[in-house]
Amino acid sequence: MAEDIKEEFMKLFESELKVINIGLESFTNSLADKGVKAVQVEFKPPLSADPELSRKIRINSPKIAAANKKALDRILSSKPALVGLDKAINVIPGMKKDLILHAGPSVKWANMCGPMRGAVIGALIYESLAGNETEAEKLAASGKIKFSPCHEHCAVGPMAGIISASMPVFIVKNEEYGNYAYATMNEGLGKVLRYGAYSPEVIERLKWMEAVMYPALKRAVERLGRIDLKAITAQALHMGDEVHNRNRAGTSLFYRAIAPAVITTTPNSEQAAAVLEFINKNDHSFLNLSMALSKVCLDAARGIRYSTVVVVMARNGTEFGVQLSGAGDKWFTGPSPVPDALFFAGYTKADANPDIGDSAITETNGLGGFAIAAAPAIVQFVGGLVADAVNYTMAMYEITAGENNVYQIPYLNFRGTPTGIDVIKVVEKGILPFIDTGVAHKKPGVGQVGAGVLSAPAEPFVKAFEYFARNL
Amino acid sequence: MFIKSTIIKGAYHDSVSLMRIARELNTAGGVIDSAIVMATKENKGIVRTSGLYNPELDKAGDNDLVITVKAKDSKSADAALEKAAELLSRKVKSAQGAALGGVNAKGIANAVEMLGGANMSVISVAGRFAGKVAADCLEQGLHVLLFSDNISLETELALKKSALKKDLLVMGPDCGTAIINGAPLAFANSVNKGSIGIVAASGTGLQEVSTLISNEGSGVSQAIGTGSRDVKKEIGGITFIQGLKALAEDKNTSLILIISKPPHPEVLSRILREVKKIHKPVVSIMLGGEATLPGKDDFYCAHTLEEAALKAVYLAKEGNMRKAKERLFDINTEVEKMAVPAAKNKTEKQKYIRGLFSGGTFVSEAQIVLNAIVGPLWSNTPLDKKYKLANSLKLKEHSVIDMGEDEFTVGRPHPMIDFSLRNKLILSEAENSETAVILLDVVLGYGSNMRPLEDILPTIRAAFNANAPISIVASVTGTETDPQVRSKVVEGLRAAGVMVMPSNASACRLAGEIVRIMANNGRGY
């Protein structure tokens, strides 16, 4: 029975009453009317309501908390650096001549969306495995070409995320844990392979990148030894990037880091200028690096038993997939939604493909939509007000294991970004990860039609949660 | 006739806000009926029985919002669906405007950060989610007022045990009201600050007593609600006893008033053991029960909420009950005076009292008071099971019903907010030539109906039109500083011919006296 009342309790009567109201908003309004400080909580019901699973989670919560702390520690203590470039076939684990890597969870050619098919066609033409679109489609459907998710090969790719054998890739090393991640060089905006375009100009650009840009950057990075990507990202956040939909600052910082080395190591000064101008003109040059650095940090947090931290969020344009630290290499998937977007002139939501790309790895790493409060320049994507952006970031703190020790948001008094998505929090609080994204046309060959944001679909998180809880 | 529906995926709104919107929607042109609900299995069942089902709703799940409208024609249905969308978005805006800095918190932890020094949480989400939310609030070190109902006894017990360990209070579940440090929580009234501390296992009882104290010129230090199940054997009065200990310790509380329906005997003796330790006067009202406490001289019992309030006021103020007894005597004299003319103008057929209440405790009190004057009463919540109405909507002889019971509130707001169902009954009972007195409660305060006169007066006028010699007797629970302003409501009702009394007990007594005098005069009864 009740023991004697403690001093601690009596403090209630002696201090100012400050109320948190969850439910009927009129209660908050009444309190405000009486001059009582009150805050209304936006309540969302849990996504899964199986009491048996909740019980198992509760019983195991100390183990889960410890595992998640470990996962977060590994993400935060990772040291990503760009250490080189090479051809995919030479460095990506399991890469083969007849293999094409793609974004998101595993998908068969027959189920691939338009832009991914377009990018596959482009890659087969680029690899000279097919002469034209018809041949490429036939070959892709023949079964002679294998497809596999980038994520299963330590790689990431934006949008369609296609990587074929002879494509050059950045090599990003996690200097703390020794693992590597790979990503292609960004092709710029407009008609580009990653949005499913495969016209001759697209292939020509890829060829130029392979012949001119790749050797120049490779030599430059060799000269520099390493480029600290974590430091660039941290500074970029202070300069208004969230390094997913806005990479202007990150690109500038990368440019400053690499330009002298490109000039000193490129024999032909015109070529050096062309390479630097290509980077300079493409505000998204840094995107592929922000993705690879995110990947290399999150891979270090894989395979921690009892951890419910999400290590992958990725979309293939058909499905949205999630992987958990404590659930091995298993994908949890559900249909990919169409983003809310601002469309380029002449396009509407009807033209938009469902969300696509590995770039949600940035959100998984506490960047992108999770750091949108750091990027006031792009609040048009989230409703037009800085407060909207802050709201989204604030909501993400509810579903993460912790806060970043390096990536900060100036507007929030340099608070660390919400980092390490905890699938239990997502499901129990009903708050879904918020993702910045580009929008591809649903037909192959057209390219980008807009940019915007979306909340991740519930299904993959519910499946991951239920699988994890059942196997406890 | 057209039934049209919209499904909004993954949009959560609390049910009361939705019902308010649905009520507004029903006033739109051409609309016959409408429902806005989260598409849970139970809600879909309700929609089906209301004749609002549309096969499209098969596709909606637990986390989807469904708007369904029955209208005269397709155009009105479309217009109503559009209006619903507009009303839903309006709701979001007003909420953001009300919170600190114009921004709502994203979760409990976020709210704690935003507020700095948060110490209390008020929870009114659907019962199936409320237990987890309450546990999270306790985890954050917050006291809890759990307004939600439909929470299992096991969950209640677990929450209260965990709270006890953390030295926190769980008021509820189904706790309608509390006043902490002068702040009215949930459905509470704006009452004076003072030295009377209250622990109540009855929400309406707490509102009645605290307003009577305030209207008598005294005030309340703290009013702790426990939820009515707290005094059941399974819970053992955990919150009740915590409340007693806290008030015993509180230097601003000079007298403690305890309110409950009769607790389980074991719980009662536990409570009384605790009361005995308190070195402050204690006034007890156990509606329909009696508590005696030999060995504590300053322990006082009351039979009605009014008596309890008056005793508390004058014991606290003057140290004795002389003035309380005078006040009760005066009120009774006034009741008798008012009853005589009211009894005179009745017809031969008029015999019975029909009490239509929004506050559950008032129905218990009505039975206690009226039993002594007119004999047993039928009810949907009878004190004596023998007098249970077979059909709660079919009143017979003397009847008092609690319209806040679940049977009346599924799919519609509480009768303290939405008068529409009771208005229908007022009218149909007035049209019944056997009805002599209609007995009502009007509960003011935060959370209640904000325009009670506008909503009730047309019905009162219609009732007098239908049955001129009928008496309508009402109590108005509230204070001058309540948003509805008690005196304005009293004046409005009186102007329409309603006999308004200062308390539920005195209103019941007046109703009883009218009928008693009629019977003594050999007319009817």
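Remark: spin-label model distance A:Ala66-B:Asn320 equals 6.9 nm, labels positioned 7 Å along the Cα→Cβ axis. For the pair segment A:67-124 / segment B:344-398, the C-alpha centres are spaced 76 Å from each other.
Annotation: amide H-H contacts under 5 Å for A:Lys18 (H modelled 1.01 Å from N, sequence separation of 5 or more, or interchain): B:Asn119, B:Met120. Dividing the convex hull volume of the alpha carbon atoms of chain A by its residue count gives 166 Å³ per residue. Taking a label point 7 Å from the Cα of B:Lys166 along the Cα→Cβ vector, which residues of segment B:125-152 have an amide N closer than 16 Å to it? The answer is B:130-147, whose backbone nitrogens lie closer than 16 Å to the label point. Near A:Lys37, once Lys and Arg are set to +1 and Asp and Glu to -1 for all other residues with Cβ below 11 Å from its Cβ, the sum equals +1. Just check segment A:373-462 against the gyration tensor rule for me: Cα atoms, a ≥ b ≥ c as the square roots of the eigenvalues, rounded for a/c under 1.5, and otherwise prolate or oblate depending on whether a/b exceeds b/c. Oblate is the answer for segment A:373-462, as a/c is 1.5 or above yet b/c matches or exceeds a/b.
Summarised as an ellipsoid, segment B:333-520 has semi-axes of 22, 20, 16 Å, derived from the eigenvalues of the Cα gyration tensor scaled by 5 and square-rooted, with the largest first.
When each full DSSP H helix of chain A is screened for a Cα extent of at least 20 Å along its own axis and an average Kyte-Doolittle hydropathy of at least -1.0, the helices passing are A:61-77, A:248-265.
Placing one equal scatterer on every Cα of segment A:33-107 and applying the Debye formula, the log10 ratio I(q)/I(0) at q = 0.11, 0.16, 0.27 Å⁻¹ is -0.76, -0.99, -1.19. If you take all other residues with their beta carbon under 12 Å from the beta carbon of A:Ala110, and give Lys and Arg +1 and Asp and Glu -1, the sum is +1. Extension gain, A:Ala274-A:Asn413: 0.36 nm per intervening residue step, less the Cα-Cα distance, totals 46.0 nm. Helix-only mean residue ellipticity at 222 nm, chain B, DSSP H runs n ≥ 4 weighted -39,500 (n - 2.57), per residue, nearest 500. What is it? The per-residue figure over chain B is -14000 deg cm²/dmol. Taking amide H as placed 1.01 Å from N in the peptide plane, the amide H of B:Ala188 sits under 5 Å from that of B:Tyr446, each at least 5 places away or on another chain.
Rounded to the nearest 20, the size of the Cβ-charge dipole of chain B about its Cα centre is 320 debye, with Lys and Arg at +1 and Asp and Glu at -1. Note on A:Tyr347/B:Lys59: beta-carbon distance plugged into 1/(1 + (r/R0)^6) with R0 of 25 Å gives a FRET efficiency of 0.30. Assuming R0 = 56 Å, can you tell me the calculated FRET efficiency for the pair B:His279 and B:Met1, based on Cβ-Cβ distance, to the nearest 0.05? With R0 = 56 Å, the Cβ-Cβ based efficiency is 0.25. Taken residue by residue and averaged, Cβ atoms of other chains lying within 10 Å of the Cβ of B:380-393 number 0. About the centre of its Cα atoms, segment B:333-520 shows a dipole size close to 460 debye [charges on the beta carbon of Lys, Arg (+1) and Asp, Glu (-1) only; nearest 20 debye]. Assign one of three labels to segment A:81-292, namely rounded, prolate or oblate, based on the Cα gyration tensor with a ≥ b ≥ c the square roots of its eigenvalues; rounded applies when a/c is under 1.5, prolate when it is not and a/b is larger than b/c, and oblate otherwise. The shape class here is prolate.
Average projection, convex hull of the Cα set of chain B: 24.7 square nanometres.
For the pair B:Thr333 and B:Ile373 in one chain, pulling the backbone fully straight at 0.36 nm per residue adds 12.9 nm over the alpha carbon distance. Look at the stretch B:134-147: the mean tally of other chain Cβ atoms within 10 Å of its residues' Cβ atoms is 2. Each 5 Å bin from 0 upward holds the following percent of the Cα-Cα pairs of segment B:325-412: 3, 13, 19, 21, 17, 14, 9, 4, 1, 0. Among beta bridges from DSSP that stay inside chain B, the antiparallel ones total about 30%. Each peptide among B:232-240, B:262-270, A:162-170 gets the average number of other Cβ atoms lying within 10 Å of its residues, and from highest to lowest they stand as A:162-170, B:232-240, B:262-270. The length gained by stretching the chain between B:Thr481 and B:Asn465 to full extension, at 0.36 nm per residue less their Cα-Cα distance, is 2.4 nm. Here each label is just a point 7 Å from Cα along the line to Cβ, and for B:Thr292 and B:Lys488 those points are 4.9 nm apart. Between B:Glu407 and A:Asp86, the modelled labels are 8.0 nm apart [label points 7 Å from Cα along Cα→Cβ]. Remark: segment B:106-173 is approximated by an ellipsoid whose semi-axes, taken from the C-alpha gyration tensor as √(5λ), come to 19, 14, 9 Å, largest first. By the compact-protein rule of thumb, 2.2 N^0.38 Å, the alpha-carbon radius of gyration of the protein assembly as shown corresponds to a ratio of 1.14. Packing around the peptides B:422-428, B:209-215, taken as the average count of other Cβ atoms within 10 Å per residue, puts them in this order, highest first: B:209-215, B:422-428.
Averaged over the residues of B:113-126, the number of partner chain Cβ atoms lying within 10 Å of the residue Cβ comes to 6. Rounded to the nearest 0.05, the FRET efficiency derived from the C-beta distance between A:Gln235 and B:Glu154 at R0 = 56 Å is 0.55. Using alpha carbon centroids, what distance separates segment A:248-295 and segment A:415-431, in Å? With segment A:248-295 and segment A:415-431 each reduced to a Cα centre, they are spaced 34 Å.
Centroid-to-centroid, using Cα positions, segment B:450-525 and segment B:197-226 are 23 Å apart.
Beta bridges from DSSP with both residues in chain A: antiparallel share about 80 percent, rounded to the nearest 5. For B:Asp402, A:Asp358, the sequence from fewest to most other C-beta atoms within 10 Å is B:Asp402, A:Asp358. Taking 30 Å as the limit for the C-alpha separation, the pairs A:Lys442/B:Lys106; A:Lys79/A:Lys108; A:Lys295/B:Lys59; A:Lys96/A:Lys191; A:Lys56/A:Lys349; A:Lys146/A:Lys442 exceed it in the case of A:Lys442/B:Lys106; A:Lys79/A:Lys108; A:Lys295/B:Lys59; A:Lys56/A:Lys349.
Bridges between two residues of the protein assembly as shown, per DSSP, are antiparallel at a rate of about 50%.
Readers should treat all values here as calculations from the given coordinates under stated rules, not as data from a laboratory. Since the model is a prediction, treat every value here as computed from it, not as a measurement. Here the Cβ is made from the backbone with ideal geometry for all residues, glycine too, and neighbour counts use every protein chain on show.
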